[in-house]
Amino acid sequence: MQTKFNYAEPSENSLVSPSSKFKLNQYQKAKASVSFSKKEFSHNISVKRAGLDAGDVSYTTGKIGIASESDYTVSFYAKASADAAVSVDINQNHAPWQNLGFSESVNLTTDWKYYSFKVSGLKGDMNSAFTIGGMGKSEGVTFNFPPKFNHS
């Protein structure tokens, strides 16, 4: 599985790598946990208790430098234990936490699927974050993501 999901050539423009540290965020009574599956070589986010809205559970890595007006490709594999939607965003990693010009909703299924988005016109910010969110209302669902997201 590691070979299958981590096939991308290293790039000097890579924003997220296997060494990137992700943080599980939980708000407004939401309860979730994260584990790592060696079998599927993926990070697994299990939503134990729903929050008040979808944004109450997210998985984020920060301190990413985004160059203004540069072109990027955001691509990754993902699946869930039941059909569910997630949001994929590039935001500021500091107050006022604004979106930098990329936000997509992705409908996950129980099968691994590859998602890819061409991104241009982002606002530059040397302390930005890549976030997979929108999991806060999906009580009982486990979301699976390989630890390498290909951004180049």
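Quick note: the coordinates plus some simple rules give every number you see, no bench work behind them. Keep in mind that this is a model prediction, so the values were computed, not measured. Note that we place each Cβ from the backbone using ideal geometry, even for glycine, and neighbour counts take in every protein chain shown.
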Quiz item: Rounded, prolate or oblate: which fits the stretch 14-105 when a ≥ b ≥ c are the square roots of the eigenvalues of the alpha-carbon gyration tensor, with rounded for a/c under 1.5 and prolate only if a/b beats b/c?
Solution: oblate
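Would you work out the relative contact order for the stretch 12-152, in percent, from Cα pairs under 8 angstrom that are 6 or more residues apart? List each step's numbers first, then the result.
On the way: 393 pairs, mean separation 52.4, N = 141.
Averaging sequence separation for qualifying contacts and normalising by length gives 37 percent for the stretch 12-152.
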Self-check item: Per-residue ³J(HN,Hα) for the stretch 23-28, Karplus 6.51 cos²θ - 1.76 cosθ + 1.60, θ = phi - 60°, Hz, x for Gly and Pro
Solution: 10, 8, 10, 9, 9, 6
Quiz item: Tell me which lysines have Cα within less than 23 Å of residue 38's Cα, excluding those fewer than 8 residues away on the same chain?
Solution: 4, 21, 23, 48, 79, 113, 148
Quiz item: With each label point set 7 Å from Cα along the Cα-Cβ vector, what nm distance links residue 20 and residue 83?
Solution: 2.9 nm
Practice problem: Mind checking which aspartates and glutamates have their Cα closer than 19 Å to the Cα of residue 39? Skip sequence neighbours fewer than 8 apart in that chain. | Solution: 111
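Work out how much length residue 110 to residue 126 would gain on full extension: take 0.36 nm times their residue separation and subtract the Cα-Cα distance, in nm to one decimal.
2.2 nm
Only sites in a loop by DSSP and with at most 15 other Cβ atoms within 10 Å count here; which GluC sites (Glu not before Pro) in the stretch 13-106 make the cut?
On the way: sites: 40, 69, 104; in loops: 40, 69.
The qualifying sites are 69.
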